[in-house]
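Report on the following structure.
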Amino acid sequence: MSAYPELRLKPNAHKRVLHGSPWIFSNEIEIDPAAKMLEPGGIVSLKGADGHALGIAMFNRHPLIAARLFSRDPKTRIDTSFLAATLKRALEIRTRLFDVPYYRLIHAEADGLPGVIVDRFGDVLVAQLNTAGAELLKPALLEALEQVLAPTTIVLRNDSPSRQLEGLQSSFEVPVGKLEGRIEVMENDARYFADLESGQKTGWFYDQRLNRRWAAKFAGQNRVLDCYAFTGGFTIQAALAGAREVITVDRSQTAIDLATEAAAANGVSEICRFVKGDAFTQMADLAKQKETFELVIADPPAFVKSKKDLAQGLKGYRKAARLAAALVAREGTLFIASCSHHADPVSFAEQVKRGLNDAGRQGRILYNGGAGPDHPVHPALPETGYLKAILMALD
(Lines give C-alpha, C1' and ligand atoms only; values in the text may rest on other atoms or scores of the structure.)
Protein backbone atom coordinates (compact mmCIF):
# COMPACT_ATOMS: atom_id res chain seq x y z
CA MET A 1 0.00 0.00 0.00
CA SER A 2 1.20 3.52 -0.81
CA ALA A 3 1.86 5.92 2.04
CA TYR A 4 0.11 8.66 0.05
CA PRO A 5 -3.52 9.42 -0.81
CA GLU A 6 -4.74 7.91 -4.06
CA LEU A 7 -5.51 10.10 -7.06
CA ARG A 8 -7.15 8.49 -10.09
CA LEU A 9 -7.20 9.57 -13.69
CA LYS A 10 -10.23 9.47 -15.95
CA PRO A 11 -10.60 6.53 -18.37
CA ASN A 12 -7.93 6.59 -21.11
CA ALA A 13 -6.25 9.64 -19.54
CA HIS A 14 -3.17 7.62 -18.60
CA LYS A 15 -1.74 7.32 -22.11
CA ARG A 16 0.37 10.49 -22.08
CA VAL A 17 1.88 9.45 -18.75
CA LEU A 18 2.73 6.01 -20.12
CA HIS A 19 4.36 7.73 -23.10
CA GLY A 20 6.68 9.66 -20.81
CA SER A 21 4.94 12.91 -19.86
CA PRO A 22 5.40 13.96 -16.20
CA TRP A 23 2.48 16.40 -16.43
CA ILE A 24 -1.18 15.56 -15.84
CA PHE A 25 -3.78 18.19 -16.66
CA SER A 26 -6.78 18.97 -14.49
CA ASN A 27 -9.29 17.68 -17.07
CA GLU A 28 -7.58 14.27 -16.99
CA ILE A 29 -8.15 13.74 -13.26
CA GLU A 30 -11.20 12.45 -11.41
CA ILE A 31 -11.81 15.38 -9.07
CA ASP A 32 -14.00 13.54 -6.60
CA PRO A 33 -14.79 14.75 -3.05
CA ALA A 34 -11.63 13.07 -1.71
CA ALA A 35 -9.47 14.86 -4.31
CA LYS A 36 -11.08 18.20 -3.42
CA MET A 37 -10.05 17.68 0.20
CA LEU A 38 -6.34 17.22 -0.61
CA GLU A 39 -3.98 19.99 0.40
CA PRO A 40 -2.73 21.97 -2.62
CA GLY A 41 0.68 20.56 -3.53
CA GLY A 42 0.34 17.41 -1.47
CA ILE A 43 2.00 14.17 -2.52
CA VAL A 44 -0.30 11.53 -4.03
CA SER A 45 -0.17 8.01 -5.42
CA LEU A 46 -1.24 8.45 -9.04
CA LYS A 47 -3.29 5.67 -10.58
CA GLY A 48 -5.11 4.97 -13.82
CA ALA A 49 -8.88 4.61 -13.95
CA ASP A 50 -8.50 0.84 -13.56
CA GLY A 51 -6.35 1.24 -10.46
CA HIS A 52 -2.93 0.43 -11.93
CA ALA A 53 -0.10 2.45 -10.39
CA LEU A 54 1.45 5.25 -12.46
CA GLY A 55 3.79 6.74 -9.87
CA ILE A 56 4.14 9.38 -7.17
CA ALA A 57 3.23 12.99 -7.91
CA MET A 58 2.49 16.38 -6.37
CA PHE A 59 -1.12 17.50 -6.85
CA ASN A 60 -2.86 20.87 -6.89
CA ARG A 61 -6.32 20.84 -8.47
CA HIS A 62 -6.39 24.59 -9.16
CA PRO A 63 -3.90 25.14 -12.06
CA LEU A 64 -4.15 23.56 -15.51
CA ILE A 65 -1.10 21.39 -14.80
CA ALA A 66 -2.67 19.73 -11.79
CA ALA A 67 -0.24 16.87 -11.11
CA ARG A 68 3.50 16.54 -11.69
CA LEU A 69 5.32 13.22 -11.40
CA PHE A 70 8.31 12.75 -9.16
CA SER A 71 8.77 9.04 -9.79
CA ARG A 72 7.15 6.19 -11.68
CA ASP A 73 7.99 3.82 -8.86
CA PRO A 74 4.84 3.64 -6.69
CA LYS A 75 6.94 2.76 -3.63
CA THR A 76 8.94 6.01 -3.72
CA ARG A 77 8.84 8.26 -0.67
CA ILE A 78 9.37 11.96 -1.34
CA ASP A 79 11.48 13.00 1.62
CA THR A 80 14.87 14.50 2.42
CA SER A 81 16.67 11.33 1.33
CA PHE A 82 14.90 11.34 -2.05
CA LEU A 83 15.67 15.02 -2.58
CA ALA A 84 19.32 14.57 -1.56
CA ALA A 85 19.75 11.66 -3.97
CA THR A 86 18.24 13.72 -6.78
CA LEU A 87 20.54 16.65 -5.97
CA LYS A 88 23.59 14.37 -5.91
CA ARG A 89 22.77 13.04 -9.38
CA ALA A 90 22.38 16.58 -10.74
CA LEU A 91 25.63 17.61 -9.06
CA GLU A 92 27.54 14.69 -10.57
CA ILE A 93 26.43 15.74 -14.05
CA ARG A 94 27.36 19.41 -13.56
CA THR A 95 30.74 18.51 -12.09
CA ARG A 96 31.57 16.67 -15.30
CA LEU A 97 30.35 19.58 -17.43
CA PHE A 98 31.96 22.56 -15.67
CA ASP A 99 35.31 23.33 -14.08
CA VAL A 100 33.94 25.99 -11.72
CA PRO A 101 30.80 25.79 -9.52
CA TYR A 102 28.69 28.32 -11.39
CA TYR A 103 25.72 26.76 -13.16
CA ARG A 104 22.07 25.77 -12.95
CA LEU A 105 21.99 22.81 -10.60
CA ILE A 106 18.31 21.89 -10.83
CA HIS A 107 16.15 22.54 -13.89
CA ALA A 108 12.75 21.46 -12.60
CA GLU A 109 11.19 18.37 -14.24
CA ALA A 110 14.25 17.78 -16.43
CA ASP A 111 16.26 17.11 -13.25
CA GLY A 112 13.52 15.20 -11.47
CA LEU A 113 12.29 17.97 -9.15
CA PRO A 114 9.11 19.48 -10.62
CA GLY A 115 8.56 23.13 -9.82
CA VAL A 116 12.10 23.64 -8.46
CA ILE A 117 14.90 25.77 -9.91
CA VAL A 118 18.31 25.98 -8.22
CA ASP A 119 21.18 28.09 -9.55
CA ARG A 120 24.63 27.80 -8.01
CA PHE A 121 27.03 30.70 -7.51
CA GLY A 122 29.96 29.06 -5.76
CA ASP A 123 28.92 28.69 -2.13
CA VAL A 124 25.66 30.59 -2.69
CA LEU A 125 22.50 28.88 -3.94
CA VAL A 126 19.43 30.64 -5.34
CA ALA A 127 16.24 28.59 -5.52
CA GLN A 128 12.79 29.22 -6.94
CA LEU A 129 9.88 27.13 -5.69
CA ASN A 130 7.28 27.58 -8.41
CA THR A 131 4.56 25.11 -7.36
CA ALA A 132 2.52 24.48 -4.24
CA GLY A 133 4.16 21.05 -4.00
CA ALA A 134 7.64 22.55 -4.08
CA GLU A 135 6.60 25.05 -1.41
CA LEU A 136 5.44 22.24 0.89
CA LEU A 137 8.78 20.51 0.40
CA LYS A 138 10.78 23.61 1.33
CA PRO A 139 12.01 22.37 4.75
CA ALA A 140 13.12 19.01 3.30
CA LEU A 141 14.70 20.68 0.27
CA LEU A 142 16.69 23.11 2.42
CA GLU A 143 17.92 20.20 4.54
CA ALA A 144 18.91 18.25 1.41
CA LEU A 145 20.74 21.24 -0.08
CA GLU A 146 22.74 21.65 3.12
CA GLN A 147 23.54 17.94 3.21
CA VAL A 148 24.75 17.74 -0.38
CA LEU A 149 26.43 21.12 -0.93
CA ALA A 150 26.91 22.76 2.50
CA PRO A 151 26.35 26.26 1.05
CA THR A 152 27.15 29.38 3.07
CA THR A 153 23.96 31.05 1.81
CA ILE A 154 20.64 29.91 0.36
CA VAL A 155 18.35 32.51 -1.22
CA LEU A 156 14.71 31.80 -2.07
CA ARG A 157 13.57 34.01 -4.97
CA ASN A 158 9.91 33.01 -4.91
CA ASP A 159 8.59 35.78 -7.13
CA SER A 160 7.86 34.03 -10.43
CA PRO A 161 4.46 34.58 -12.12
CA SER A 162 3.82 30.82 -12.10
CA ARG A 163 3.37 30.94 -8.31
CA GLN A 164 0.17 32.92 -8.77
CA LEU A 165 -1.29 30.08 -10.84
CA GLU A 166 -0.57 27.77 -7.91
CA GLY A 167 -2.28 30.06 -5.39
CA LEU A 168 1.04 31.15 -3.86
CA GLN A 169 2.23 34.59 -2.80
CA SER A 170 5.50 36.10 -3.97
CA SER A 171 8.24 36.15 -1.37
CA PHE A 172 11.95 36.65 -0.85
CA GLU A 173 13.91 35.12 1.99
CA VAL A 174 17.40 34.04 2.98
CA PRO A 175 16.80 30.98 5.19
CA VAL A 176 20.49 30.04 5.36
CA GLY A 177 23.37 32.47 5.87
CA LYS A 178 23.07 36.09 4.79
CA LEU A 179 23.18 38.11 1.60
CA GLU A 180 25.34 41.21 1.43
CA GLY A 181 25.01 43.09 -1.85
CA ARG A 182 25.83 41.69 -5.28
CA ILE A 183 27.86 38.52 -5.75
CA GLU A 184 30.45 37.44 -8.29
CA VAL A 185 29.69 35.09 -11.17
CA MET A 186 32.30 33.19 -13.17
CA GLU A 187 31.49 32.16 -16.74
CA ASN A 188 33.66 31.42 -19.79
CA ASP A 189 36.74 32.74 -17.92
CA ALA A 190 35.05 36.10 -17.33
CA ARG A 191 33.91 37.79 -14.12
CA TYR A 192 30.41 39.18 -13.73
CA PHE A 193 28.25 40.47 -10.90
CA ALA A 194 24.68 39.52 -10.05
CA ASP A 195 22.00 41.09 -7.87
CA LEU A 196 20.29 38.10 -6.29
CA GLU A 197 17.60 40.15 -4.58
CA SER A 198 16.22 42.40 -7.31
CA GLY A 199 17.78 41.10 -10.53
CA GLN A 200 15.67 39.20 -13.02
CA LYS A 201 14.87 35.50 -12.38
CA THR A 202 17.61 34.17 -10.08
CA GLY A 203 19.92 37.11 -10.82
CA TRP A 204 21.79 35.61 -13.78
CA PHE A 205 21.02 33.81 -17.05
CA TYR A 206 23.27 30.76 -17.27
CA ASP A 207 21.24 29.47 -20.22
CA GLN A 208 23.07 31.71 -22.73
CA ARG A 209 26.55 30.50 -21.71
CA LEU A 210 27.36 28.63 -24.95
CA ASN A 211 25.63 31.20 -27.14
CA ARG A 212 27.75 33.98 -25.65
CA ARG A 213 30.83 32.03 -26.64
CA TRP A 214 29.54 31.54 -30.19
CA ALA A 215 28.69 35.20 -30.67
CA ALA A 216 32.09 36.26 -29.31
CA LYS A 217 33.79 34.40 -32.16
CA PHE A 218 32.66 37.23 -34.45
CA ALA A 219 33.61 40.10 -32.14
CA GLY A 220 37.39 40.28 -32.67
CA GLN A 221 38.54 43.64 -34.11
CA ASN A 222 34.91 44.55 -34.73
CA ARG A 223 32.36 47.06 -33.53
CA VAL A 224 29.62 45.36 -31.47
CA LEU A 225 26.12 46.36 -30.38
CA ASP A 226 24.58 44.38 -27.49
CA CYS A 227 20.85 45.06 -26.98
CA TYR A 228 18.79 43.85 -24.04
CA ALA A 229 22.17 43.33 -22.44
CA PHE A 230 21.04 42.78 -18.82
CA THR A 231 24.26 42.68 -16.75
CA GLY A 232 26.59 42.37 -19.73
CA GLY A 233 26.90 38.66 -20.44
CA PHE A 234 27.42 39.06 -24.19
CA THR A 235 29.15 42.43 -23.79
CA ILE A 236 32.04 41.17 -21.68
CA GLN A 237 32.56 38.08 -23.83
CA ALA A 238 32.73 40.24 -26.97
CA ALA A 239 35.14 42.68 -25.36
CA LEU A 240 37.44 39.92 -24.12
CA ALA A 241 37.40 38.40 -27.61
CA GLY A 242 39.03 41.56 -28.95
CA ALA A 243 36.20 43.83 -30.05
CA ARG A 244 37.36 47.35 -30.78
CA GLU A 245 34.17 48.88 -29.34
CA VAL A 246 31.05 47.52 -27.63
CA ILE A 247 27.90 49.57 -27.13
CA THR A 248 25.62 48.04 -24.51
CA VAL A 249 21.90 48.85 -24.20
CA ASP A 250 19.50 47.96 -21.39
CA ARG A 251 16.56 49.77 -19.82
CA SER A 252 17.53 48.85 -16.23
CA GLN A 253 19.98 51.15 -14.48
CA THR A 254 20.79 48.39 -11.99
CA ALA A 255 21.73 46.06 -14.85
CA ILE A 256 23.80 48.77 -16.51
CA ASP A 257 25.66 49.42 -13.24
CA LEU A 258 26.49 45.73 -12.82
CA ALA A 259 27.63 45.47 -16.45
CA THR A 260 29.84 48.53 -15.98
CA GLU A 261 31.37 46.95 -12.89
CA ALA A 262 31.98 43.72 -14.81
CA ALA A 263 33.76 45.64 -17.58
CA ALA A 264 36.10 47.16 -15.00
CA ALA A 265 36.74 43.79 -13.33
CA ASN A 266 37.71 42.29 -16.70
CA GLY A 267 39.84 45.23 -17.79
CA VAL A 268 37.71 46.18 -20.80
CA SER A 269 36.11 49.43 -19.63
CA GLU A 270 37.87 51.51 -22.26
CA ILE A 271 36.15 49.75 -25.16
CA CYS A 272 32.68 49.50 -23.59
CA ARG A 273 30.00 52.19 -23.64
CA PHE A 274 26.80 51.66 -21.67
CA VAL A 275 23.45 53.20 -22.62
CA LYS A 276 20.30 53.11 -20.48
CA GLY A 277 17.26 52.98 -22.72
CA ASP A 278 14.65 51.00 -24.60
CA ALA A 279 16.30 48.70 -27.14
CA PHE A 280 13.72 49.31 -29.89
CA THR A 281 14.14 53.07 -29.52
CA GLN A 282 17.91 52.94 -29.37
CA MET A 283 18.17 50.69 -32.44
CA ALA A 284 15.86 52.99 -34.41
CA ASP A 285 17.90 56.04 -33.39
CA LEU A 286 21.18 54.37 -34.35
CA ALA A 287 19.74 53.53 -37.77
CA LYS A 288 18.75 57.18 -38.28
CA GLN A 289 22.34 58.13 -37.47
CA LYS A 290 23.56 55.65 -40.13
CA GLU A 291 25.49 53.66 -37.52
CA THR A 292 26.54 50.10 -38.33
CA PHE A 293 28.17 47.28 -36.41
CA GLU A 294 29.99 44.15 -37.53
CA LEU A 295 28.18 42.20 -34.79
CA VAL A 296 24.70 42.97 -33.45
CA ILE A 297 23.28 40.98 -30.53
CA ALA A 298 19.56 41.05 -29.69
CA ASP A 299 18.59 38.91 -26.69
CA PRO A 300 15.18 40.29 -25.66
CA PRO A 301 13.06 39.21 -22.70
CA ALA A 302 10.12 36.89 -23.29
CA PHE A 303 7.78 38.65 -25.71
CA VAL A 304 5.31 35.74 -25.46
CA LYS A 305 4.47 35.18 -21.80
CA SER A 306 1.28 33.20 -22.49
CA LYS A 307 -0.55 31.67 -25.45
CA LYS A 308 -2.84 34.69 -25.71
CA ASP A 309 0.24 36.86 -26.29
CA LEU A 310 1.55 34.69 -29.15
CA ALA A 311 0.48 36.77 -32.15
CA GLN A 312 1.64 40.08 -30.65
CA GLY A 313 4.82 38.56 -29.25
CA LEU A 314 5.83 37.08 -32.60
CA LYS A 315 5.45 40.57 -34.11
CA GLY A 316 7.91 41.74 -31.46
CA TYR A 317 10.52 39.23 -32.62
CA ARG A 318 9.98 40.29 -36.22
CA LYS A 319 10.49 43.92 -35.23
CA ALA A 320 13.61 43.08 -33.22
CA ALA A 321 15.07 41.19 -36.19
CA ARG A 322 14.25 44.06 -38.57
CA LEU A 323 15.80 46.76 -36.40
CA ALA A 324 18.85 44.68 -35.53
CA ALA A 325 19.50 43.54 -39.12
CA ALA A 326 19.37 47.14 -40.36
CA LEU A 327 22.34 47.92 -38.09
CA VAL A 328 24.53 45.02 -39.21
CA ALA A 329 27.39 46.16 -41.43
CA ARG A 330 27.90 44.57 -44.81
CA GLU A 331 29.20 41.01 -44.30
CA GLY A 332 28.53 41.37 -40.59
CA THR A 333 26.88 39.00 -38.11
CA LEU A 334 23.55 38.99 -36.30
CA PHE A 335 22.73 37.04 -33.15
CA ILE A 336 19.10 36.94 -32.03
CA ALA A 337 17.36 34.83 -29.40
CA SER A 338 13.98 34.06 -27.85
CA CYS A 339 13.36 32.71 -24.35
CA SER A 340 9.57 32.40 -24.85
CA HIS A 341 8.64 28.73 -24.70
CA HIS A 342 5.26 29.55 -26.27
CA ALA A 343 7.12 30.65 -29.41
CA ASP A 344 8.20 27.37 -30.98
CA PRO A 345 11.46 27.20 -32.99
CA VAL A 346 9.71 27.19 -36.37
CA SER A 347 7.56 30.22 -35.55
CA PHE A 348 10.53 32.13 -34.14
CA ALA A 349 12.69 31.36 -37.18
CA GLU A 350 9.86 32.50 -39.45
CA GLN A 351 9.63 35.87 -37.71
CA VAL A 352 13.40 36.33 -37.89
CA LYS A 353 13.24 35.58 -41.63
CA ARG A 354 10.46 38.12 -42.09
CA GLY A 355 12.41 40.69 -40.11
CA LEU A 356 15.42 40.20 -42.37
CA ASN A 357 13.23 40.66 -45.43
CA ASP A 358 11.72 43.81 -43.94
CA ALA A 359 15.25 45.18 -43.53
CA GLY A 360 16.19 44.18 -47.08
CA ARG A 361 18.89 41.82 -45.86
CA GLN A 362 19.85 38.27 -46.73
CA GLY A 363 22.25 35.86 -45.10
CA ARG A 364 23.00 32.36 -43.94
CA ILE A 365 22.36 30.67 -40.63
CA LEU A 366 25.63 29.57 -39.06
CA TYR A 367 24.32 28.23 -35.79
CA ASN A 368 21.03 27.28 -34.17
CA GLY A 369 21.43 27.03 -30.41
CA GLY A 370 19.53 26.59 -27.20
CA ALA A 371 20.28 26.60 -23.51
CA GLY A 372 23.49 25.13 -22.15
CA PRO A 373 23.71 21.56 -20.81
CA ASP A 374 22.96 22.71 -17.27
CA HIS A 375 19.43 23.38 -18.60
CA PRO A 376 18.58 19.83 -19.71
CA VAL A 377 15.46 19.14 -21.77
CA HIS A 378 12.90 16.59 -20.62
CA PRO A 379 12.30 14.26 -23.60
CA ALA A 380 8.51 14.44 -23.17
CA LEU A 381 8.35 18.18 -22.38
CA PRO A 382 9.44 20.33 -25.33
CA GLU A 383 8.61 23.34 -23.11
CA THR A 384 11.84 22.70 -21.19
CA GLY A 385 13.73 23.47 -24.41
CA TYR A 386 12.47 27.04 -24.32
CA LEU A 387 15.56 28.96 -25.49
CA LYS A 388 16.14 29.49 -29.21
CA ALA A 389 19.19 31.26 -30.63
CA ILE A 390 20.15 32.01 -34.23
CA LEU A 391 23.55 33.25 -35.40
CA MET A 392 23.59 34.54 -38.98
CA ALA A 393 26.17 35.92 -41.38
CA LEU A 394 24.45 38.66 -43.36
CA ASP A 395 25.25 39.89 -46.87
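The values are calculated or read from the model by the stated rules, or taken from the named source; none is laboratory data. Being a predicted model, the structure only gives us computed values, none of them experimental. Heads up, the Cβs are rebuilt from the backbone with ideal geometry, glycines too, and the neighbour counts pull from every protein chain shown. Accessible surface is based on the protein model in full, side chains and every heavy atom, while ligands, DNA and RNA are left aside. Shrake-Rupley method; radii C 1.70, N 1.55, O 1.52, S 1.80 Å.
Residue-wise test of (1) open to solvent by 30 Å² or more (accessible area, probe 1.4 Å); (2) closer than 26 Å to TYR206 by Cα; (3) without any contact (Cβ under 8 Å) to a residue 60 or more places away in the chain.
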residue	(1), (2), (3)
LEU7	no, no, no
PRO40	yes, no, no
LYS47	yes, no, yes
LEU105	no, yes, no
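Report yes if some residue within segment 241-255 is over 23 Å from the mean Cα position of the chain (by Cα), farther than 24 Å from LYS388 by Cβ and assigned to a helix (DSSP H, G or I); otherwise report no.
Within segment 241-255 (the criterion being over 23 Å from the mean Cα position of the chain (by Cα), farther than 24 Å from LYS388 by Cβ and assigned to a helix (DSSP H, G or I)), the answer is no, since none of the residues qualifies.
Do any residues in segment 190-217 that are touching a residue at least 60 places away in the same chain (Cβ under 8 Å) and more than 21 Å from SER160 (Cα to Cα) have Cβ atoms under 7 Å from those of residues that are open to solvent by 10 Å² or more (accessible area, probe 1.4 Å) and of a type in the set (Lys, Arg), where the two are at least six apart or on different chains, and which pairs are they?
Here the result reads PHE193/ARG182, each pair linking segment 190-217 to a residue that is open to solvent by 10 Å² or more (accessible area, probe 1.4 Å) and of a type in the set (Lys, Arg).
Residues checked against (1) over 30 Å from GLY112 (Cβ atoms); (2) part of a strand (DSSP E or B); (3) basic (Lys, Arg); (4) at pLDDT 95 or above:
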site	(1), (2), (3), (4)
HIS341	no, no, no, no
VAL346	no, no, no, no
LYS353	yes, no, yes, yes
ARG364	yes, yes, yes, yes
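May I ask you to say which residue of ARG157, ARG182, ARG163, ARG212 is surrounded by 23 or more Cβ atoms within 10 Å (Cβ to Cβ) and more than 25 Å from GLN282 (Cα to Cα)?
Result of the check over ARG157, ARG182, ARG163, ARG212: ARG157.
Kindly evaluate ASN188 against the criterion of being closer than 25 Å to VAL328 by Cα and open to solvent by less than 50 Å² (accessible area, probe 1.4 Å).
Criteria not met by ASN188.
In segment 126-154, what count of residues is obtained for those that are surrounded by 14 or more Cβ atoms within 10 Å (Cβ to Cβ), within 12 Å of THR80 (Cα to Cα) and not hydrophobic (A, V, I, L, M, F, W, C)?
Residues that pass the stated criteria total 4.
Quick one: which of ASP299, ASP250 is surrounded by 16 or more Cβ atoms within 10 Å (Cβ to Cβ), acidic (Asp, Glu), touching a helix residue (DSSP H, G or I) at 6+ places or on another chain (Cβ under 7 Å) and touching a residue at least 40 places away in the same chain (Cβ under 8 Å)?
None of the others qualify; the one that does is ASP299.
List every residue pair whose Cβ atoms lie under 6 Å apart, where the two residues are 6 or more positions apart in sequence or sit on different chains, the first residue falls within segment 74-88 and is within 19 Å of PRO5 (Cα to Cα), and the second residue, located anywhere, is surrounded by fewer than 16 Cβ atoms within 10 Å (Cβ to Cβ).
Pairs found: PRO74/ALA53.
Within segment 379-395, how many residues are open to solvent by 30 Å² or more (accessible area, probe 1.4 Å) and over 14 Å from the mean Cα position of the chain (by Cα)?
3
Residues of segment 329-348 being of a type in the set (A, V, I, L, M) and either open to solvent by 40 Å² or more (accessible area, probe 1.4 Å) or under 13 Å from PHE303 (Cβ atoms) (or both), which ones?
The answer is ILE336, ALA337, ALA343, VAL346.
Could you please let me know if ARG318 is touching a residue at least 24 places away in the same chain (Cβ under 8 Å), of a type outside the set (Val, Ile, Thr), in a helix (DSSP H, G or I) and over 19 Å from TYR206 (Cβ atoms)?
Considered against the rule, which asks whether it is touching a residue at least 24 places away in the same chain (Cβ under 8 Å), of a type outside the set (Val, Ile, Thr), in a helix (DSSP H, G or I) and over 19 Å from TYR206 (Cβ atoms), ARG318 comes out as yes.
Can ARG273 be described as free of Cβ contacts under 8 Å to residues at least 60 places away in the same chain, touching a helix residue (DSSP H, G or I) at 6+ places or on another chain (Cβ under 7 Å), open to solvent by 50 Å² or more (accessible area, probe 1.4 Å) and not hydroxyl-bearing (Ser, Thr, Tyr)?
No, not satisfied.
What is the number of the single condition among (1) without any contact (Cβ under 8 Å) to a residue 40 or more places away in the chain; (2) surrounded by 21 or more Cβ atoms within 10 Å (Cβ to Cβ); (3) acidic (Asp, Glu) that ASP374 does not meet?
ASP374 satisfies every listed condition except (1).
In segment 191-209, what count of residues is obtained for those that are under 17 Å from ILE256 (Cβ atoms), among the hydroxyl-bearing types (Ser, Thr, Tyr) and buried (at least 17 other Cβ atoms within 10 Å of the Cβ)?
Here the count works out to 1.
How about segment 1-36: which of its residues are aliphatic (A, V, I, L, M) and over 26 Å from the mean Cα position of the chain (by Cα)?
MET1, ALA3, LEU7, LEU9, ALA13, LEU18, ILE29, ILE31, ALA34, ALA35
Restricting to segment 76-93, count the residues that are open to solvent by 20 Å² or more (accessible area, probe 1.4 Å), part of a loop (DSSP other than H, G, I, E, B) and either hydrophobic (A, V, I, L, M, F, W, C) or modelled with pLDDT under 95 (or both).
0
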